[in-house]
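A.B. asks: The structure is given below, and queries will be raised subsequently.
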Amino acid sequence: MKQPHQNDRGGVGEIDNDMDPEVSDAGFDGTTPLAQEIQDLARRRQVIAATTLPLPSRTRIFTISNQKGGVGKTTTVVNLSAALAKSGARVLVIDLDPQGNASTALSVEHREGTPSVYDVVVNDRELEDVIQKSPEFDGLFVIPATIDLAGAEIELVSMVAREQRLSRALDRFLEEYDIDYVLIDCPPSLGLLTINAFVAASEVLIPIQCEYYALEGLSQLLKNIQLIERHLNPKLRVSTILLTMYDSRTNLAHQVAADVREHFPNEVLDTIIPRSVRISEAPSYGQSVISYDTNSSGSLSYMEAAAEIARRGVPR
């Protein structure tokens with residue numbers, strides 16, 4: 001079984017300055033860890049630049065979920081969507097988290113009163129009425145979340161077909177518009193908003209933090225997904241698990257990664273997302289790390305993860 005190591009995909013030791021990897025060989029010691037990191041980043045950039053990603057034959061709809069907070073759900077939604085859009089795909093992000101962090105990171109308007117996903121799930125508006133284009137990349141679109149969404153859980157309780165409201169709106173939208181990927185950002189809970197996301201999707205992507213307690217609560221999440229598959233959405237599958245916040249300097253990160261791969265050998269991506277200053281900084285500028293610092297190790301890791309998801313295709 002492949003074990004993570006310092007030069008593995010998404011390893012730490014990110015180069016955050018503007019050093020050109022194509023430096024002169026004069027006085028350059030290629031055996032040092034820093035030199036090897038520079039060479040590895042240069043190689044990865046060349047591979048990505050030469051890669052053309054296949055587009056899916058039909059729309060792939062992902063719900064990105066983990067009931068544990070702080071594992072990189074929104075970060076994953078934002079950066080995977082940007083990476084896929086940069087590769088030429090048409091991507092729709094649905095921000096179903098009342099905090100609206102995905103909307104912020106993709107620079108779309110989501111102040112109180114802005115037409116949003118709340119109007120779709122509660123007021124029966126069409127997605128095309130609330131959709132916005134992100135300035136990040138051509139082909140990247142967002143259904144924003146506003147603070148109004150915070151009360152949607154209570155309002156949905158008494159509604160007819162409360163679990164299918166997002167699904168039905170999305171189905172109508174996709175009949176009219178050509179979208180390759182839909183990524184739904186969920187709140188860190190298992191309430192009605194998250195259930196709506198599961199019912200609307202065909203695939204679940206679970207980000208797992210490479211730290212202690214990483215697997216805590218995962219069994220409950222999987223049980224809930226199985227219940228939804230059995231009673232509400234037979235197409236739903238956990239297709240992808242992405243290891244995030246990986247620090248190869250710690251034995252704990254190695255052990256967590258090994259444990260997750262042992263339990264989910266077919267679902268875990270080879271690509272690992274490192275702990276990265278650039279990934280953390282990008283949202284404060286209203287950008288994904290893909291556009292904020294395209295040459296950083298965090299950006300390269302998300303580009304590699306997007307490529308891996310595209311190549312894997314729709315699970316059978």
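The values are calculated or read from the model by the stated rules, or taken from the named source; none is laboratory data. Computed from a predicted model, the values in this text were never measured in an experiment. So basically every Cβ, Gly included, is an ideal-geometry build from the backbone, and we count neighbours across all protein chains shown. These accessible areas exclude ligands, DNA and RNA; they are computed on the full protein's heavy atoms, side chains included. Shrake-Rupley method; radii C 1.70, N 1.55, O 1.52, S 1.80 Å.
A.B. asks: Would you check if there is a residue in region 235-244 being in a helix (DSSP H, G or I) and in contact (Cβ under 8 Å) with a residue 60 or more places away in the chain?
C.D. replies: Residues of region 235-244 in a helix (DSSP H, G or I): none.
Taking every residue of region 235-244 in turn, none turns out to be in a helix (DSSP H, G or I) and in contact (Cβ under 8 Å) with a residue 60 or more places away in the chain.
A.B. asks: So, in region 239-274, of the ones that are out of contact with any Pro (no Cβ under 6 Å at 6 or more places or on another chain), surrounded by 22 or more Cβ atoms within 10 Å (Cβ to Cβ) and not hydrophobic (A, V, I, L, M, F, W, C), which residue ends up nearest to S219 (Cα to Cα)?
C.D. replies: The residue in question is T240.
A.B. asks: Let me ask something additional. Evaluate region 124-136: report whether one residue or more is modelled with pLDDT under 95 and open to solvent by less than 30 Å² (accessible area, probe 1.4 Å).
C.D. replies: yes
A.B. asks: Any idea which of (1) of a type outside the set (S, T, Y); (2) buried (at least 17 other Cβ atoms within 10 Å of the Cβ); (3) not in a helix (DSSP H, G or I) is the one I225 doesn't satisfy?
C.D. replies: (3)
A.B. asks: Does region 12-34 contain at least one residue that is open to solvent by 60 Å² or more (accessible area, probe 1.4 Å), hydroxyl-bearing (S, T, Y) and at pLDDT 50 or above?
C.D. replies: Yes, region 12-34 has at least one match.
A.B. asks: Still on this structure, please answer the following. If I filter region 284-298 for residues that are hydrophobic (A, V, I, L, M, F, W, C), open to solvent by less than 20 Å² (accessible area, probe 1.4 Å) and touching a Leu at 6+ places or on another chain (Cβ under 7 Å), do I get at least one hit? Working first, answer last.
C.D. replies: Initial filter on region 284-298 (hydrophobic (A, V, I, L, M, F, W, C)): 289-290.
Now restrict to residues that are open to solvent by less than 20 Å² (accessible area, probe 1.4 Å): 289-290.
Among the residues that remain, those that are also touching a Leu at 6+ places or on another chain (Cβ under 7 Å) are: none.
So far as region 284-298 goes, no, none of its residues is hydrophobic (A, V, I, L, M, F, W, C), open to solvent by less than 20 Å² (accessible area, probe 1.4 Å) and touching a Leu at 6+ places or on another chain (Cβ under 7 Å).
A.B. asks: Within the set of pairs 6 or more residues apart or between chains, which connect a residue that is in contact (Cβ under 8 Å) with a residue 60 or more places away in the chain inside region 89-109 to a residue that is aromatic (F, W, Y) and open to solvent by 10 Å² or more (accessible area, probe 1.4 Å) with Cβ atoms less than 6 Å apart?
C.D. replies: L92/F141
A.B. asks: How do the pairs read when you match residues in region 185-205 that are in contact (Cβ under 8 Å) with a residue 60 or more places away in the chain with residues anywhere that are open to solvent by 10 Å² or more (accessible area, probe 1.4 Å) and of a type in the set (V, I, T), using Cβ under 6 Å and keeping only pairs 6 or more apart or on different chains?
C.D. replies: Going by the 6 Å Cβ cut-off, the qualifying pairs are D185/T74; F198/I228; A201/I61; S202/I61; V204/V238.
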